[in-house]
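J.: Below: one structure in structure tokens.
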Amino acid sequence: MNLVTRICLPNLRRLSFALGFALAIALPASAQFPLQQNDVVCLIGNALADRMQHDGWMETLIQSPMAGKNLSFRNLAVSGDTVTSRPRSKGVPSPEDYLARCKADVIFVIFGCNKSFGGEPKPAQFKSDLAALLESPEPHARTAAAAVKDFWGPADPTKGTMQTQIADIEEKIKVPKHLTGQMARAYRIGGLVYHSEAHCATCHQPDGKGLDPAFPPLVGSPWVTGSEERFTKIALHGLHGKIEVNGKVYDPEKGVPPMTSFEALLGDDEMAAVLTYVGNSWGNKAAPVLPETVKKVRAANKNRSTFWKPEELLKDHPTE
Ligand code: HEC
């Protein structure tokens, strides 16, 4: 049985970033582990891992370069669990029973520091509890322990915080002069959505310039400033396939992960706001996207459950 361990980082952006790179593009040597055909991957841990059941980004990032491996994921994490205590209601199988029932081949251990319930953080105790969990004759566990070492620094709960400083973000959002009234308000809300943990800025970066070789830029991108329906479709259902942006090619075969779907995460108002923000920041100038437009595009594609392929989008909305 493989045991792969990640521990809490003080902010989700660094975690998803670390996962994006560590798993989809290039694993640091110390964190490498094999995933084999038909492996069942189980997540245990507390709030951060528990919340992952609502998005599926990590699964997406892992599944995409492993097409055909038939991996399955089971999320067994429960908020409030600690390394040493994982109580369950009477009649519910113990966490260990559950792992056995799932026939886990690989376990991701994602424990945070339980700040809300555990009183003052006790990093030393946390480290030694985790070390005990990792004490295993399995060679995989030793690999996992080595991987965890990479994260000891950022995982120190006495530094940093899980919370994005909304006030800091708000201060940085400067509404461009051509947007006034309702549109200026939408732009401000869009900025908050854009810079929220694990939203657009995580991948496309706070300055919209993207990050080579994985995340294409939004600055000056025709996918942003062209057809608003095409732009809305990308944000609603995600995108996967070889694309060109500003003369550079972003190719899944070279490790570009899929852009995830925001359909379930953002309402019409928030989606319209973030698209208006992206369309009018860093020198971009596009017509504001209205909530009614998002509503229409959402309804017209409500049965869609997969990422868009660039060819599909270009067929319906050829580049301008
Ligand atoms: C998990 C990382 C990730 C997040 C979060 C993300 N994107 Fe993307 N995005 C990508 C990747 C990767 C691509 C290219 C995918 C491909 O071609 O297969 C992409 C492509 C795009 C494109 C088309 C190419 C371009 O650069 O213009 C647009 C537009 C876009 N994203 C907008 C957004 C917006 C708006 C948000 C937030 C609501 C967002 N993205 C959030 C990773 C992300």
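J.: At 7 Å along the Cα-to-beta-carbon direction for both Ala287 and Glu312, put a label point, then send me their distance in nm to one decimal.
T.: 2.5
J.: Okay, moving on. Quick one: which residues, 5 or more positions from Gly238 or on another chain, have an amide H under 5 Å from its amide H? H modelled 1.01 Å from N in the peptide plane, none for Pro or chain starts.
T.: Correct list: Phe262, Trp308.
J.: Okay, moving on. Residues with amide H under 5 Å of Phe73's amide H, sequence separation 5 or more or different chain, H placed in the peptide plane at 1.01 Å from N; which?
T.: Val41
J.: What residues qualify as long-range amide H neighbours of Ile107, i.e. H under 5 Å apart, gap of 5 or more or another chain, H built at 1.01 Å from N?
T.: Those lying under 5 Å, H to H, from Ile107 are Asn2, Leu3, Val4, Cys42.
J.: Quick check: residue separation of Thr84 and Ala299 times 0.36 nm, minus the Cα distance between them. What number comes out in nm?
T.: 72.8 nm
Bear in mind these aren't lab numbers, they're just calculated from the coordinates by the rules spelled out. Just so you know, these numbers come straight off a predicted model, no measurement behind them. Please note: Cβ atoms are built from the backbone with ideal geometry, for glycine as well, and neighbour counts cover all protein chains shown.
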